[in-house]
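Engineer: Got a structure for you, written out below as structure tokens; questions coming shortly.
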Amino acid sequence: MSYRHALAALTAAAGLVLASVPASAATADGHGPGRTLGELAAATHRYFGSATDNPEFTDQAYLDILGREFDSTTAGNALKWYATEPQQGVFDFTQGDQVLDFARRHNMSFRAHTLVWHNQLPDWLTSGTWTADQLRAILKNHITQEARHYRGKVYSWDVVNEAFNEDGTYRDTLFYRTLGPGYIADALRWAHQADPHAKLYLNDYNLEAVGPKSDAYYALVKSLKAQHVPIDGVGFQGHLALQYGYPDTLRQNLQRFADLGLDVAITELDVRMILPADAEKLATQAKWYADVTKACLAVRRCVGITVWDYTDKYSWIPAVFTGEGAALPYDENLAPKPAYYAIRDALKAAGR
Ligand code: G3I
């Protein structure tokens with residue numbers, strides 16, 4: 001537990017107000033001075049994190065809020081295969097180390113993302129022709145070198161990211177095609193050997209509601225647990241969109257995974273909308289952020305929430321979904337939006 005976590009938990013337990021903790025959240029909002037999202041989450045024995053990315057490290061105003069308001073971070077791109085093993089057997093952890101160093105200097109825990117994913121792979125890997133034995137050796141070496149470099153320094157690893165299709169069948173990736181479904185158990189075992197203390201996760205999107213995709217994960221992790229494969233948690237990315245409706249079964253779904261003896265976490269939360277934003281959409285978005293927060297708070301094994309960066313200034317959405325955006329709790333000028341206050345209120349109510 002970090003100093004900040006420990007202090008917040010202790011103070012909450014004593015029923016005191018955290019008056020001595022350096023202030024924090026925006027105040028000119030009618031909501032009064034407040035503790036940060038990280039401090040409020042810690043009072044509920046959870047973390048509240050934000051993803052970040054290396055190009056943002058030149059923006060001091062952005063970094064000030066990141067380091068002050070959040071007590072966990074995830075590197076949005078720095079630990080992906082294309083960045084960490086750009087040539088076969090040649091590893092580069094410069095970008096990941098930059099984010100980790102920031103996290104450590106600000107007492108933030110670090111969710112490491114991700115060891116095995118079908119996107120953002122280096123050209124040498126995607127353009128090669130590999131036998132199963134060759135690819136297994138490549139995968140093992142990648143996982144071992146990367147997880148070993150960060151051994152003892154990260155809270156968790158998203159070991160395999162986005163392994164399933166929407167209908168619950170395995171996604172047809174280089175790894176699945178060449179190695180079969182056993183690559184997931186192998187990846188977890190190799191990651192565990194390289195860093196026995198990191199919490200090991202499978203992570204995916206559109207997993208929030210009960211349905212074919214989350215059912216497939218449920219069956220997989222149940223069978224992995226039965227075989228004593230090292231798996232600690234499931235990450236529910238939480239890329240939501242106002243136009244598609246709120247996943248009403250989120251809480252129930254988190255709970256059924258927790259009941260298997262796993263941690264669960266919301267790992268990449270954002271709530272996009274069709275632009276332009278207006279007061280009504282922002283109010284609905286705020287309610288969704290609060291509802292996701294409450295769903296996590298209602299499940300004891302839900303360990304924390306991470307937003308996929310905290311400001312619309314650096315959201316991935318507009319580049320991918322044309323005409324959509326405004327998905328995060330801070331606007332493009334780094335000002336908190338209704339969603340920010342809604343999250344804060346939900347955390348505050350639970351941490352009393
Ligand atoms: O590095 C190049 C840079 O050299 C070039 O100038 C620039 C021009 O577009 O592109 C840069 O690469 C971009 C990369 O992010 C790094 O910034 C890619 O175009 C861009 O597609 C890539 O997007 C990332 C996306 O994953 C790729 O799928 C997002 O930043 C990142 O937030 C997003 O994160 C994923 C999670 O890992 C998994 N879950 C979904 C989530 C959102 O897609």
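The values are calculated or read from the model by the stated rules, or taken from the named source; none is laboratory data. Please read these numbers as outputs of a predicted model, since none were measured by experiment. Because the Cβ atoms are built from the backbone with ideal geometry, glycine has one as well, and the counts that use them run over all protein chains shown. Ligands, DNA and RNA are excluded from the accessible area calculation, which covers all protein heavy atoms including side chains. Shrake-Rupley method; radii C 1.70, N 1.55, O 1.52, S 1.80 Å.
Engineer: Can you spot a residue in region 115-135 that is away from the ligand (no atom under 16 Å from the Cβ), among the hydroxyl-bearing types (Ser, Thr, Tyr) and surrounded by 13 or more Cβ atoms within 10 Å (Cβ to Cβ)?
Structural biologist: Looking for residues that are away from the ligand (no atom under 16 Å from the Cβ), among the hydroxyl-bearing types (Ser, Thr, Tyr) and surrounded by 13 or more Cβ atoms within 10 Å (Cβ to Cβ), one finds none in region 115-135, hence no.
Engineer: In addition: From the list Leu121, Leu100, Leu115, exactly one residue is touching a residue at least 40 places away in the same chain (Cβ under 8 Å) and in a loop (DSSP other than H, G, I, E, B). Which is it?
Structural biologist: Selected residue: Leu121, the only one of Leu121, Leu100, Leu115 that is touching a residue at least 40 places away in the same chain (Cβ under 8 Å) and in a loop (DSSP other than H, G, I, E, B).
Engineer: Of the residues Tyr201, Tyr155, which single one is within 29 Å of Ser50 (Cβ to Cβ), crowded, with 17+ Cβ neighbours inside 10 Å and more than 16 Å from the ligand (Cβ to nearest atom)?
Structural biologist: The conditions single out Tyr155.
Engineer: Still on this structure: Exactly one of (1) closer than 29 Å to Ala41 by Cβ; (2) open to solvent by less than 10 Å² (accessible area, probe 1.4 Å); (3) hydrophobic (A, V, I, L, M, F, W, C) is unmet by Ala83. Its number?
Structural biologist: Of everything listed in (1) closer than 29 Å to Ala41 by Cβ; (2) open to solvent by less than 10 Å² (accessible area, probe 1.4 Å); (3) hydrophobic (A, V, I, L, M, F, W, C), Ala83 misses just condition (2).
Engineer: Here's something else I'd like to know. Of everything in region 103-112, what is outside any loop (DSSP other than H, G, I, E, B), in contact with an Asp or Glu (Cβ under 8 Å, 6 or more places away or on another chain) and away from the ligand (no atom under 13 Å from the Cβ)? Give them in sequence order.
Structural biologist: Ser109
Engineer: I've got another one for you. Does Tyr217 meet the test of being open to solvent by 20 Å² or more (accessible area, probe 1.4 Å) and under 20 Å from the mean Cα position of the chain (by Cα)?
Structural biologist: Here the answer is no, as Tyr217 does not meet what is asked.
Engineer: Pairs, please: C-beta under 6 Å, at least 6 apart or cross-chain, first residue under 11 Å from Thr44 (Cα atoms) and in region 287-299, second open to solvent by 20 Å² or more (accessible area, probe 1.4 Å)?
Structural biologist: Leu297/Ala350; Ala298/Arg251
Engineer: Restricting attention to region 56-77, and to residues there that are farther than 13 Å from Thr311 by Cα and within 15 Å of the ligand (Cβ to nearest atom), which single residue is surrounded by the fewest Cβ atoms within 10 Å (Cβ to Cβ)?
Structural biologist: Thr58
Engineer: In region 248-277, how many residues are away from the ligand (no atom under 16 Å from the Cβ) and either open to solvent by less than 50 Å² (accessible area, probe 1.4 Å) or over 17 Å from Ala290 (Cβ atoms) (or both)?
Structural biologist: Matching residues across region 248-277 total 20.
Engineer: Could I ask something else about it? For region 230-243, name all the residues that are assigned to a loop (DSSP other than H, G, I, E, B) and closer than 25 Å to Thr311 by Cα.
Structural biologist: Gln237, Gly238
Engineer: Also, I was wondering about something else. Looking only at region 291-346, count every residue that is more than 14 Å from the ligand (Cβ to nearest atom), polar (S, T, N, Q) and either buried (at least 20 other Cβ atoms within 10 Å of the Cβ) or under 21 Å from Ser109 (Cβ atoms) (or both) and tell me the total.
Structural biologist: Qualifying residue count, region 291-346: 1.
Engineer: Suppose we filter region 35-55 for residues that are more than 16 Å from the ligand (Cβ to nearest atom) and of a type in the set (S, T, N, Q); how many remain?
Structural biologist: The qualifying residues number 2.
Engineer: Restricting to region 181-210, give me the number of residues that are more than 18 Å from Ile305 (Cβ to Cβ), within 21 Å of the chain's Cα centre (by Cα) and not in a helix (DSSP H, G or I).
Structural biologist: 6
Engineer: While we're here: What are the residue pairs meeting all of these: first residue in region 213-225, first residue over 13 Å from Val264 (Cα atoms), second residue surrounded by 14 or more Cβ atoms within 10 Å (Cβ to Cβ) and of a type in the set (D, E, K, R), Cβ atoms under 9 Å, and 6 or more apart or on different chains?
Structural biologist: From region 213-225, the pairs are Lys213/Asp204.
Engineer: If you don't mind, another one. Select from region 158-180 the residues that are out of contact with any strand residue (DSSP E or B) (no Cβ under 7 Å at 6 or more places or on another chain), part of a loop (DSSP other than H, G, I, E, B) and within 16 Å of the ligand (Cβ to nearest atom) and list them in ascending order.
Structural biologist: Asn165, Glu166, Thr173
Engineer: Further question: So which helices (runs of 4 or more DSSP H) are wholly in region 244-352 and hold at least 1 residues that are under 17 Å from Asp71 (Cα atoms)?
Structural biologist: Correct list: 279-297, 338-351.
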